[in-house]
Amino acid sequence: MHYAVSDIHGCYELFSELLRKISFTEADTLFFLGDAADRGPDGIRVIQDLMDRPNVICLLGNHEDMFRKVAKCHGKALNEDEQNAYDRTFRNWTERNGGRITWEAYLQLPRPRQEAVLAWIEALPTFYEIALNGRAFLLAHAGVGVYEPEKALSDCVLHDFIWERMDYDRVYYQNKLLVTGHTPTFFIDPACAGRILQRNNHIVIDCGAVYQGTLGCICLETLETFYVSEKADHSMV
């Protein structure tokens, strides 16, 4: 079977429990839609788990993008403009987006493992398309940006796929389901808090694990949803 999950945000124990709940095996495939780390306690552990699994297909999230921008420049000689840009990125990631705990754990890794983590992030694609059981799926971390019917995926830029918020009251594609994370479902519809949202050919799978303690997953063949929960103790920062 094919499953999709997103926005683990360092909640390693929840992720492990979810894999047990769906009885995930080597015969299955898991799509991870980005934001493995930050805010939660075990982001580097989640990243290493994902990168070591051959049957997990991972996409780039905005938190991976911030991570790689910092890691690529760390320890390098930079000119004044480059240093200022690096400092802004570092502060935005570590102070506003919960990246400090990830960065500190990353620096504790042996150098070869640091390089492997960075190479893994650098290779992550921004979207994935697949057809299963007569349904077509487009998977991306945030979506496809400001949508227009004539806009091709090749016309989208990185920001569209990993940062831009979607209009979930609008049908973007008549003939495919758009599977995204990035925006916790309780922000879209409070009645959907802690649950996957399915409407208007959108499937939103970020259940706010690091905020409200629920990690959701969907089976793409059946559209069956699965959840694991714990009491969240992380601030929304």
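Summary table
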quantity: Some residue of segment 13-25 being part of a loop (DSSP other than H, G, I, E, B) and either in contact (Cβ under 8 Å) with a residue 40 or more places away in the chain or in contact with a Cys (Cβ under 8 Å, 6 or more places away or on another chain) (or both); calculated: yes
quantity: So R165, is it basic (K, R), more than 15 Å from the chain's Cα centre (by Cα) and not in a helix (DSSP H, G or I); calculated: no
quantity: Residue in segment 92-99 that is crowded, with 17+ Cβ neighbours inside 10 Å and under 28 Å from T25 (Cα atoms) present; calculated: no
quantity: Selection within segment 32-61 - buried (at least 22 other Cβ atoms within 10 Å of the Cβ) and outside any loop (DSSP other than H, G, I, E, B); calculated: F32, G43, I44, V46, I47, C58
quantity: Residues satisfying the stated conditions in segment 1-36, i.e. under 17 Å from V204 (Cα atoms), of a type outside the set (A, V, I, L, M) and under 13 Å from the mean Cα position of the chain (by Cα); calculated: S6, D7, H9, F31, F32, G34, D35
quantity: Segment 187-201 residues that are in contact (Cβ under 8 Å) with a residue 12 or more places away in the chain and under 11 Å from T225 (Cβ atoms), paired with ones that are among the acidic types (D, E) and crowded, with 17+ Cβ neighbours inside 10 Å (beta carbon under 9 Å, 6 or more apart); calculated: I196/D206
quantity: Any hit, segment 104-117, residues being over 15 Å from A36 (Cβ atoms) and either crowded, with 17+ Cβ neighbours inside 10 Å or in contact with a Phe, Trp or Tyr (Cβ under 7 Å, 6 or more places away or on another chain) (or both); calculated: yes
quantity: Residues located in segment 40-57, provided they are touching a Ser or Thr at 6+ places or on another chain (Cβ under 6 Å) and farther than 18 Å from W103 by Cβ; calculated: N55
quantity: Lone unmet requirement of (1) surrounded by 13 or more Cβ atoms within 10 Å (Cβ to Cβ); (2) among the basic types (K, R); (3) more than 26 Å from H9 (Cβ to Cβ) for R170; calculated: (1)
quantity: Looking only at segment 15-31, and only at residues there that are in contact with a strand residue (DSSP E or B) (Cβ under 6 Å, 6 or more places away or on another chain) and under 25 Å from T126 (Cβ atoms), the one that is surrounded by the fewest Cβ atoms within 10 Å (Cβ to Cβ); calculated: T29
quantity: Count of segment 120-152 residues which are under 19 Å from L220 (Cβ atoms) and either without any contact (Cβ under 8 Å) to a residue 60 or more places away in the chain or outside any loop (DSSP other than H, G, I, E, B) (or both); calculated: 15
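The numbers here are math on the coordinates, done by the rules we state, and not lab data. Everything quoted here is computed from the prediction, not taken from an experiment. Please note: Cβ atoms are built from the backbone with ideal geometry, for glycine as well, and neighbour counts cover all protein chains shown.
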